[in-house]
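S.K.: One structure coming up, written as structure tokens, with questions to follow.
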Amino acid sequence: MTDQTPAIELKGISKAFGPVQANKDISIRVMPGTIHGIIGENGAGKSTLMSILYGFYRADAGEIWVDGRRTEIPDSQAAIRAGIGMVFQHFKLVQNFSVLENVVLGAEDGAMLRPSLAKARRELKDLAAEYELNIDPDARIEDIGVGMQQRVEILKALYRQADILILDEPTGVLTPAEADHLFRILKGLRDQGKTIILITHKLREIMEITDTVSVMRRGEMTATVQTAETSPPELAELMVGRKVLLQVEKVPPKPGKTVLEVENLRVVDSKGVERLRKIGFEIRAGEILGIAGVAGNGQSELLEVLGGYRRAEGTVRLNGKPLELAGRHANGRARRAAGVAHVPEDRHHEGLILDFSAWENVAFGYHDRPEFNKGLFMDNAAIKADAAAKMERFDVRPPHPHLAAKNFSGGNQQKIVVAREIERNPDLLLIGQPTRGVDIGAIEFIHEQIVALRDMGKAVLLVSVELDEIMSLSDRIAVMFDGKIMGERLPAETDERELGLLMAGITDTDKPHSEAEIEANLARRHASADKEA
Amino acid sequence: MDFLTLIQVFDTTIRLATPLLLACLAGLFSERAGIFDIGLEGKMLASAFLTAAVAAVTGSVLVGLLAGIGGAMALAGIHGLASITFRGNQLISGVAINFLAAGLTVVVAQSWFGQGGRTPQLSGNARFGTIDLPFAAEIRDIPLLGPIYADLISGHSLLVYVGLLMVPLTWYVLFRTRFGLRLRAVGENPAAVDTAGISVVGLRYAAVAICGLLTGLAGAYLSTGLQAGFVKDMTAGRGYIALAALIFAKWRPWYALGACLLFGFLQALALRPDVIEGTLGFEVGVQLLDALPYILTVVILAGFVGRAIPPRAGGEPYVKER
């Protein structure tokens, strides 16, 4: 293999954004016909490096070699000419265009559209047959599911004759079944001689599909190893720079009395779409209930209702006392007073005010407590002292309460929110996507805190799209699909395959199911949600 | 209401709808590319003044038209600079252009011609004359079809026909050409265009330039086709009505024609209170009739007419994300 010319070789790439050194003297060789993983924490510089390769940024220093030739890539057009295609984490598709129009956009053959579209239609047919990338060329992007949309992105790259395909966090939005299908497509592409660069922070994906893996940490390339010769703990250590516990250690739960009872909870949104379809469940003290599901199946609405800022019908009881779901006391303040703490899914929009300082953020929602007030005025000194203490206990770095929230990394921002909510001794903790955009070191810490709260005899409702997280933290797992709870499972008695089927809305999980069936089900739900809207 | 009166009202409808239609299509190009433009009014006004002024001085309406288009495109360039290059707020830029045009036209007119902010009355070659289509006179006497052809279809100025032809042309460019595909894409998701290796900035400037050209035609028609000279604030809110029509038309060219004809019809009715009275049997206040197009504008802008989905990236300057 070493005598081959690398498909991509980067030599000494550096890139700084102001004072932040995003990439520091990075060199990497990607061999043709392989799947090369690049793994690293958020902010390690993976996406910057790939953006340089795709012509989105220009490197401050360094060389790019494609197929043994030194290549300048000043813009995306140059990258496309060099045979590089990119599938971004957030798809770059025009929602109200057809698949065909999206594929053709920017790669038309002449000033008139008709011949371009006809040619693309023929080529898509060939590509579909070659790589198992079946898709209706006339479907509108907004009518197809995310798995399909991702295939459109791959088709776009292949239509532009890409030999090197970069995928940035491709499985973040997919169900396990869709991810499996994606991996099969990628393996097929590799076997046809394409080179694939897979950027991810998920160790499992790296182990499952890559041939070689490079690890990035704080803008530097720390190692490149053959996947077969490494292990998840070793990669995690390379990523973080110290030993990391990948599995959460916890004792068996000791469930106590019922804390939260939910019955017939129904939510209809402003467009008239039913987001929660009369669901019911309960959580006991000292227990973590994990809600699994693909984003957008009602989990967010559930958190909002319980958090007090979305109206609903039905019954919710906390410690036996009903909570108001629509009246004057259906608000976040009343919920906090009742003993509900809430770490919202989207910390930037719901959890923090980014322009405000950390100490103000630590007090939000609790700023009217007597200990923070002196008569008519807020007791800022007390608030600051409290915030400093909490930030120290949660190891928020840097430990400066005066710094604006936006200046902390994702993991430390999340620690600020978690510290605010957990440290008030709530009876029920609602926590949504606790580790989204959070680095491995902080994930470990936040998971420990959640388990510690549960061991103190509190009830926890955990919503996450990361199946690994749900599996390792939950004492019971409920799966949501299309506003309904498809079923409850115990983590020890289920597996990803079964949960994946439930997440796709298929309840008879004992039967074998073809992928086509799963996809059809997802597409149906997508279409029906659209129609209702 | 007899047949001839109807023909007359429709004839007026077409003439009054033309500046709306041209401005509406101008806005369509701009907004489809993601640049909101409430400065249609100002650009029309600038063009109306420049066309009339230069036509008055040179005696040639075509030279005037070029000047008018040039003025409108210059203002469009300012809007582009503010909202594309400097990523400013598109609404504020548009408002600024409207104020600039409203003030400058009168000031310059006054210092140039000294007629109280007007241009001199235009006549002859300094105006757009009417064009009689072939055989108009010959078939006028055929019942029904004759008057429709001779009085309704024939006998308008050049810019009316240009405006009507712009509808299929706009449709074709937008939906049948590469440029149109890219233009629509840049208004929906500029990131998709950027990653495809096409210049977002270039496309948006092209759209804004087309917008300038069409508002130039619209303004020129006001002062040299519909009227015979420029008077202060002669656009009278037509730029805003065109925007309302654009929303009503859901950013589609053929719907835009329909919406502008509707507004034109309301304006035409306002000129003929006698017809209203004859039809309804009672008198309707002239003020109410005059207000009708504006009331409809408010109703449409307030969102009472169905759900119109504007281009998704409209109003947002494009910034590359990390």
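The values are calculated or read from the model by the stated rules, or taken from the named source; none is laboratory data. Given the structure is predicted, the values throughout are model-derived calculations rather than measurements. All Cβ positions, even for glycine, are placed from backbone atoms using ideal geometry, and neighbour counts span all protein chains on display.
S.K.: Tell me which residues, restricted to the range A:131-188, are of a type in the set (D, E, K, R) and at positive phi.
M.R.: Answer for the range A:131-188, where residues must be of a type in the set (D, E, K, R) and at positive phi: A:Glu132, A:Glu169.
S.K.: For the range A:335-352, give me each residue that is within 15 Å of A:Gln414 (Cβ to Cβ) and part of a loop (DSSP other than H, G, I, E, B).
M.R.: Step one: list which residues in the range A:335-352 are within 15 Å of A:Gln414 (Cβ to Cβ), which gives A:341-352.
Residues satisfying the conditions are A:Pro344, A:Glu345, A:Asp346, A:Leu352.
S.K.: Quick check on the range B:170-192. Is at least one of its residues under 16 Å from the mean Cα position of the chain (by Cα) and at negative phi? Before you say what the answer is, go through the steps one by one.
M.R.: Here is the first cut: in the range B:170-192, the ones under 16 Å from the mean Cα position of the chain (by Cα) are B:170.
Applying the additional criterion that residues be at negative phi yields B:170.
Yes, the conditions are met somewhere in the range B:170-192.
S.K.: Could you list, in sequence order, all residues of the range A:281-295 that are of a type in the set (Val, Ile, Thr) and modelled with pLDDT of 95 or more? Show your work before the answer.
M.R.: Narrowing the range A:281-295 to residues of a type in the set (Val, Ile, Thr): A:283, A:288, A:291, A:294.
Correct list: A:Ile283, A:Ile288, A:Ile291.
S.K.: Tally time: how many residues in the range B:95-115 are farther than 16 Å from B:Gly71 by Cβ and touching a residue at least 12 places away in the same chain (Cβ under 8 Å)?
M.R.: So the answer is 2.
S.K.: Further question: Mind checking which residues of the range A:232-265 are surrounded by 13 or more Cβ atoms within 10 Å (Cβ to Cβ) and without any contact (Cβ under 8 Å) to a residue 24 or more places away in the chain?
M.R.: Scanning the range A:232-265 gives A:Pro233, A:Glu234, A:Glu237, A:Leu238.
S.K.: Tell me, yes or no, whether the range B:218-228 has at least one residue that is within 28 Å of B:Gly117 (Cα to Cα) and either within 14 Å of chain A (Cβ to nearest Cβ) or part of a loop (DSSP other than H, G, I, E, B) (or both).
M.R.: Just the residues of the range B:218-228 that are within 28 Å of B:Gly117 (Cα to Cα), to begin with: B:218-228.
Still in the list and also either within 14 Å of chain A (Cβ to nearest Cβ) or part of a loop (DSSP other than H, G, I, E, B) (or both): B:227-228.
Yes - at least one qualifying residue is present in the range B:218-228.
S.K.: Just wondering, is there one or more residues in the range A:407-427 that are outside any helix (DSSP H, G or I) and aliphatic (A, V, I, L, M)? Lay out the reasoning, then the answer.
M.R.: Step one: of the range A:407-427, the residues outside any helix (DSSP H, G or I) are A:408-409, A:423-427.
Keeping just the survivors that are aliphatic (A, V, I, L, M) gives none.
Within the range A:407-427, none of the residues are outside any helix (DSSP H, G or I) and aliphatic (A, V, I, L, M).
S.K.: Also, quick follow-up: Tell me the strands (runs of 3 or more DSSP E) entirely within the range A:1-64 that contain at least 2 residues that are without any contact (Cβ under 8 Å) to a residue 24 or more places away in the chain and more than 13 Å from every other protein chain (Cβ to nearest Cβ). Give the derivation first.
M.R.: Details: elements: A:8-17, A:20-30, A:35-40.
So the answer is none; nothing clears 2.
S.K.: So which residues in the range B:278-295 are assigned to a helix (DSSP H, G or I) and not small (Gly, Ala, Ser)?
M.R.: Keep residues of the range B:278-295 that are assigned to a helix (DSSP H, G or I), which gives B:278-280, B:286-295.
Once the filter is applied, which keeps residues that are assigned to a helix (DSSP H, G or I) and not small (Gly, Ala, Ser), the range B:278-295 yields B:Thr279, B:Leu280, B:Val286, B:Gln287, B:Leu288, B:Leu289, B:Asp290, B:Leu292, B:Pro293, B:Tyr294, B:Ile295.
S.K.: Kindly evaluate A:Val396 against the criterion of being surrounded by 22 or more Cβ atoms within 10 Å (Cβ to Cβ) and either under 23 Å from A:Leu461 (Cα atoms) or in contact with a Pro (Cβ under 7 Å, 6 or more places away or on another chain) (or both). So that I can check it myself, show each step before the final result.
M.R.: On the way: surrounded by 22 or more Cβ atoms within 10 Å (Cβ to Cβ): yes; either under 23 Å from A:Leu461 (Cα atoms) or in contact with a Pro (Cβ under 7 Å, 6 or more places away or on another chain) (or both): no.
Considered against the rule, which asks whether it is surrounded by 22 or more Cβ atoms within 10 Å (Cβ to Cβ) and either under 23 Å from A:Leu461 (Cα atoms) or in contact with a Pro (Cβ under 7 Å, 6 or more places away or on another chain) (or both), A:Val396 comes out as no.
S.K.: Among the residues of the range A:341-380, count how many are of a type in the set (Val, Ile, Thr) and within 16 Å of A:Val396 (Cα to Cα). Working first, answer last.
M.R.: Taking the range A:341-380 first, the residues of a type in the set (Val, Ile, Thr) are A:343, A:353, A:362.
With within 16 Å of A:Val396 (Cα to Cα) added as a condition, the list becomes A:362.
Counting residues in the range A:341-380 that are of a type in the set (Val, Ile, Thr) and within 16 Å of A:Val396 (Cα to Cα) gives 1.
S.K.: Among what's in the range B:115-161 and is assigned to a loop (DSSP other than H, G, I, E, B) and among the acidic types (Asp, Glu), pick the residue that is farthest from B:Val63 (Cα to Cα). Steps first, please.
M.R.: Quick first cut of the range B:115-161, residues assigned to a loop (DSSP other than H, G, I, E, B) only: B:115-123, B:127-129, B:132-135, B:140-144, B:154-155.
Going one step further and asking which of them are among the acidic types (Asp, Glu), we end up with B:132, B:141.
Details: B:Asp132: 22, B:Asp141: 38 Å.
Among them, the one singled out is B:Asp141.
S.K.: OK, next. Hand me the list of strands (runs of 3 or more DSSP E) wholly inside the range A:246-324 holding 1 or more residues that are of a type outside the set (Lys, Arg) and under 20 Å from A:Met471 (Cβ atoms).
M.R.: On the way: elements: A:258-268, A:274-284, A:287-292, A:313-318.
Counting at least 1 such residues, we get A:274-284, A:287-292.
S.K.: Another question, then. If I filter the range A:191-219 down to residues being modelled with pLDDT under 90 and assigned to a strand (DSSP E or B), which single residue comes out as farthest from A:Asp67 (Cα to Cα)? Can you show your working first?
M.R.: Here is the first cut: in the range A:191-219, the residues modelled with pLDDT under 90 are A:200-205, A:217-219.
Retained after the next criterion (residues that are assigned to a strand (DSSP E or B)): A:200, A:217.
Details: A:Thr200: 24, A:Arg217: 27 Å.
Applying the filter and picking the extreme gives A:Arg217.
S.K.: From the list A:Asp136, A:Asp126, exactly one residue is over 18 Å from B:Ser199 (Cα atoms), assigned to a helix (DSSP H, G or I) and away from chain B (no Cβ under 14 Å). Which is it? Don't jump to the end; show me each part of the working.
M.R.: Numbers: A:Asp136 fails: assigned to a helix (DSSP H, G or I).
Residue meeting the stated conditions: A:Asp126.
S.K.: All but one of (1) more than 25 Å from the chain's Cα centre (by Cα); (2) crowded, with 18+ Cβ neighbours inside 10 Å; (3) at the interface with another protein chain (Cβ under 10 Å from one of its Cβ atoms); (4) part of a helix (DSSP H, G or I) hold for A:Arg114, so report the exception by its number.
M.R.: Looking at each condition in turn, A:Arg114 falls short on (2).
S.K.: Here's a follow-up. Out of everything in the range B:168-195 that is free of Cβ contacts under 8 Å to residues at least 60 places away in the same chain and more than 9 Å from chain A (Cβ to nearest Cβ), what residue ends up being nearest to B:Ala313 (Cα to Cα)? Show your work before the answer.
M.R.: In the first step, residues of the range B:168-195 are kept if they are free of Cβ contacts under 8 Å to residues at least 60 places away in the same chain; the result is B:169, B:172-173, B:175-182, B:185, B:192-193, B:195.
Cutting the leftovers down to more than 9 Å from chain A (Cβ to nearest Cβ) gives us B:169, B:172-173.
Numbers: B:Leu169: 24, B:Tyr172: 22, B:Val173: 20 Å.
The residue in question is B:Val173.
S.K.: Continuing with this model, one more query. Just to check your reading of the model, which residue among B:Lys232, B:Lys250 is within 14 Å of chain A (Cβ to nearest Cβ), part of a loop (DSSP other than H, G, I, E, B) and surrounded by fewer than 21 Cβ atoms within 10 Å (Cβ to Cβ)? So that I can check it myself, show each step before the final result.
M.R.: Details: B:Lys232 fails: within 14 Å of chain A (Cβ to nearest Cβ).
From the options B:Lys232, B:Lys250, the qualifying one is B:Lys250.
S.K.: When you check B:Leu158 against the structure, is it out of contact with any His (no Cβ under 6 Å at 6 or more places or on another chain), modelled with pLDDT under 95 and either more than 9 Å from every other protein chain (Cβ to nearest Cβ) or buried (at least 21 other Cβ atoms within 10 Å of the Cβ) (or both), yes or no? Walk me through it before giving the result.
M.R.: On the way: out of contact with any His (no Cβ under 6 Å at 6 or more places or on another chain): yes; modelled with pLDDT under 95: yes; either more than 9 Å from every other protein chain (Cβ to nearest Cβ) or buried (at least 21 other Cβ atoms within 10 Å of the Cβ) (or both): yes.
Criteria met by B:Leu158.
S.K.: More than 8 Å from chain B (Cβ to nearest Cβ) and touching a strand residue (DSSP E or B) at 6+ places or on another chain (Cβ under 6 Å): which single residue out of A:Gly145, A:Gly85 fits that description?
M.R.: Numbers: A:Gly145 fails: touching a strand residue (DSSP E or B) at 6+ places or on another chain (Cβ under 6 Å).
Exactly one of A:Gly145, A:Gly85 is more than 8 Å from chain B (Cβ to nearest Cβ) and touching a strand residue (DSSP E or B) at 6+ places or on another chain (Cβ under 6 Å), namely A:Gly85.
S.K.: Looking for whichever is polar (S, T, N, Q), at pLDDT 95 or above and under 29 Å from B:Leu16 (Cβ atoms) here; the options are B:Thr170, B:Thr177. Which one fits? Before the answer, list the steps.
M.R.: Working: B:Thr177 fails: under 29 Å from B:Leu16 (Cβ atoms).
Residue meeting the stated conditions: B:Thr170.
S.K.: Then there is this: Quick check on the range A:73-92. Is at least one of its residues part of a loop (DSSP other than H, G, I, E, B) and farther than 26 Å from A:Thr200 by Cα? Break it down stepwise before answering.
M.R.: Taking the range A:73-92 first, the residues part of a loop (DSSP other than H, G, I, E, B) are A:73-75, A:82-83, A:88-92.
So of that shortlist, the ones also farther than 26 Å from A:Thr200 by Cα come out as none.
Checked against the condition, which is being part of a loop (DSSP other than H, G, I, E, B) and farther than 26 Å from A:Thr200 by Cα, the range A:73-92 yields no hits at all.
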